[in-house]
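Everything below concerns the one structure shown next.
Just so it is clear, none of the values below were taken in a lab; they were calculated from the coordinates. A quick note: this is a predicted structure, and the numbers were derived from the prediction, not measured. In this analysis, Cβ positions are derived from the backbone assuming ideal geometry, glycine residues included, and neighbour counts consider all displayed protein chains.
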Amino acid sequence: MKIKKLVTLIILSLSAALAFTSCSDDDGYSLDKFWLEFGTIEKTSDQDYKIILDKGPILFPSVSNVPVRYLENKMRVYADFTILQDANPGSSVDHYVKVNDLQKLLTKPIVPYTEAISDSLGMDPVELPEYWIANDFITFRFFYAGGGETHMVNLTKHKELIEDGKALLEFRHNAYGDPVKESMNSYVSFPLKEIFSEVTDSIQLHIKYKGFDKEKSIDITYRPRK
């Protein structure tokens, strides 16, 4: 699956200023306020769904500008929402909200590594300034250089473990020869539960990638969501 430069990422850049730090507000909520957050769709029926935010809170859309027929279970989204009220203690959700908009996040399966596919995965440089695990997905913000043509990114898993028992993965980028004209950025998520289905407690991930100036790596712990 290839990716293109997304205009919606202009909106994503606002997340640093409008990050969801807390839903608690002793003075109540105002309809002119909104939050921008990453989350995962959990469909509870053909007509209803929840949004499980990466930072923990669970939202129930009392009102939505996005028809549920366009949503899939486990879809990764960037949610624009307004909090209407807090849920009662003991509820399965934390807040009732109005969903103003949902942007679908690029989501790809982790690819088992083989020598046969190594060339097609590419070895073009990329930077990973942000990454996190939530809701059984690992999400990356990645910077790359190009001229606006289609690029491809993948996360590939090696069969072997590295010496200290960590699972070995690589974040790979194929620019398909796109001329370097400007720096661009995007987000991508990869589901972890399927490929690490036997993990019950936790596993250490060692993720290698080719940076712009040198080979780099990330170490992060995956704990399956109960």
Nonlocal amide H pairs with Met75, under 5 Å, H built at 1.01 Å: Ile41
Label point distance in nm, Thr82-Asn65, each placed 7 Å from Cα along Cα→Cβ: 0.9
Full-extension gain in nm, Ile58 to Ser92, via 0.36 nm per residue minus C-alpha separation: 11.5 nm
Descending semi-axes in Å of the chain, equivalent ellipsoid built from Cα gyration tensor: 33, 21, 15
Ascending count of other beta-carbon atoms within 10 Å, so fewest first, for Phe34, Phe137: Phe34, Phe137
Inter-label distance, nm, simple model (7 Å from Cα along the C-beta direction), Lys226/Glu194: 2.6
FRET efficiency for Gln204 and Lys33, using Cβ-Cβ distance with R0 set to 45 Å, rounded to 0.05: 0.70
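Past the 30 Å Cα-Cα mark, which pairs from Lys33/Lys210; Lys108/Lys159; Lys159/Lys216? Show your work: numbers first, answer last.
Numbers: Lys33/Lys210 40 Å; Lys108/Lys159 19 Å; Lys159/Lys216 20 Å.
Checking Cα-Cα distances, Lys33/Lys210 exceed 30 Å.
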Simple spin-label estimate for Val180 and Ile218 in nanometres, 7 Å along Cα-Cβ: 2.2
